[in-house]
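The values are calculated or read from the model by the stated rules, or taken from the named source; none is laboratory data. Please read these numbers as outputs of a predicted model, since none were measured by experiment. Methodologically, a virtual Cβ is constructed for each residue, glycine included, from the backbone with ideal geometry; neighbour enumeration extends over all protein chains shown.
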Amino acid sequence: MLINPNLPESKLTLSPFPGTRIVQETFGLVGTQINDPHVTGRIWTLQGLYLPVRGRAVGGVRAKLTDQKDFFTFINQRDLEVLLNLGSPGGYCPWLDSEYVDQSDREWHGFCVDEDDLVDDLYERELLLRAQYDEGDFLPEGSEISRRIHNGQGDDYEELNVLLWDMDTSTGFGPDPRFETIENRWRSVERTARAQRGVLWFKV
């Protein structure tokens, strides 16, 4: 087990960077590599951990990973613990109060993303974009963020996001760097599927 996120004392360990859901403690996992179970030669490298999101069927911390072609994905804590040999399929997962499962089980989620994951990634990219400007500067209207997303086996796509405005739409004040309003600032304007070219695609 990595950590029991349900314990009160875990809240201090899982303290995020201010204004984000990125967990400061990484448990030494950043840089850990995991082979993709479906594509030979595709290797996922763990980039960081993120706070749990309420309401998920499988809670716990979330891990973000990228591959050699800069696709990113997320994985839940339960499945990550199995891949890291911190939990065994059929064994008891104490923080979830259920059994660990393997990749053949219908309850296995593995590498995928949902809207919360996409928002966390977008905000992280926006922070990197802001770092290119002086503090207090507006981000230029029409700024673009392109990202490659892996949402499970056979579901790879590239998404283009465009900045509508860098201000709070309710007050008109800006710049607005807040996490909770990022979906008001950016729009996804294009998604392009990126088909895999067989099991050796990532070795080409």
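Does any residue of the stretch 1-13 turn out to be of a type in the set (Val, Ile, Thr) and under 29 Å from Ser104 (Cβ atoms)? Yes - at least one qualifying residue is present in the stretch 1-13. Hey, among the residues in the stretch 148-173 that are over 20 Å from Asp70 (Cα atoms) and surrounded by fewer than 15 Cβ atoms within 10 Å (Cβ to Cβ), which one's nearest to the chain's Cα centre (by Cα)? Selected residue: Leu164. In the stretch 72-94, is there at least one residue being exposed (fewer than 15 other Cβ atoms within 10 Å of the Cβ), aromatic (Phe, Trp, Tyr) and farther than 27 Å from Arg106 by Cβ? There is no residue in the stretch 72-94 that is exposed (fewer than 15 other Cβ atoms within 10 Å of the Cβ), aromatic (Phe, Trp, Tyr) and farther than 27 Å from Arg106 by Cβ.
Name the single residue, out of those in the stretch 73-92 being assigned to a loop (DSSP other than H, G, I, E, B) and of a type outside the set (S, T, N, Q), that is nearest to the chain's Cα centre (by Cα). Among those that are assigned to a loop (DSSP other than H, G, I, E, B) and of a type outside the set (S, T, N, Q), it is Leu84. Against the numbered list (1) closer than 24 Å to Trp108 by Cα; (2) in contact (Cβ under 8 Å) with a residue 60 or more places away in the chain, Thr20 comes up short only at (1).
Each residue in the stretch 135-154 was checked for being at pLDDT 95 or above and either within 30 Å of Thr40 (Cα to Cα) or not hydrophobic (A, V, I, L, M, F, W, C) (or both), and 13 pass. Residues in the stretch 1-35 that are more than 30 Å from Asp176 (Cβ to Cβ) and either of a type in the set (Lys, Arg) or touching a strand residue (DSSP E or B) at 6+ places or on another chain (Cβ under 8 Å) (or both): Met1, Phe27, Leu29, Gly31, Thr32, Gln33, Ile34, Asn35.
When Ser104, Ser170 are checked against the criterion of being assigned by TED's automatic domain parsing to the domain that holds Arg42 and either touching a helix residue (DSSP H, G or I) at 6+ places or on another chain (Cβ under 9 Å) or at pLDDT below 95 (or both), Ser104 stands alone in meeting it. Given (1) assigned by TED's automatic domain parsing to the domain that holds Phe17; (2) touching a residue at least 24 places away in the same chain (Cβ under 8 Å), where does Gly91 come up short, assuming only one miss? Every condition holds for Gly91 apart from (2).
Look at (1) in a helix (DSSP H, G or I); (2) modelled with pLDDT of 95 or more and you find that Phe202 fails only one, number (2). Restricting attention to the stretch 174-195, the residues being aromatic (Phe, Trp, Tyr) and assigned to a helix (DSSP H, G or I) number 1.
Going by the conditions given, is Glu135 in a loop (DSSP other than H, G, I, E, B), over 23 Å from Leu51 (Cβ atoms), in contact with a Leu (Cβ under 9 Å, 6 or more places away or on another chain) and among the acidic types (Asp, Glu)? Spelling it out, it is not the case that Glu135 is in a loop (DSSP other than H, G, I, E, B), over 23 Å from Leu51 (Cβ atoms), in contact with a Leu (Cβ under 9 Å, 6 or more places away or on another chain) and among the acidic types (Asp, Glu).
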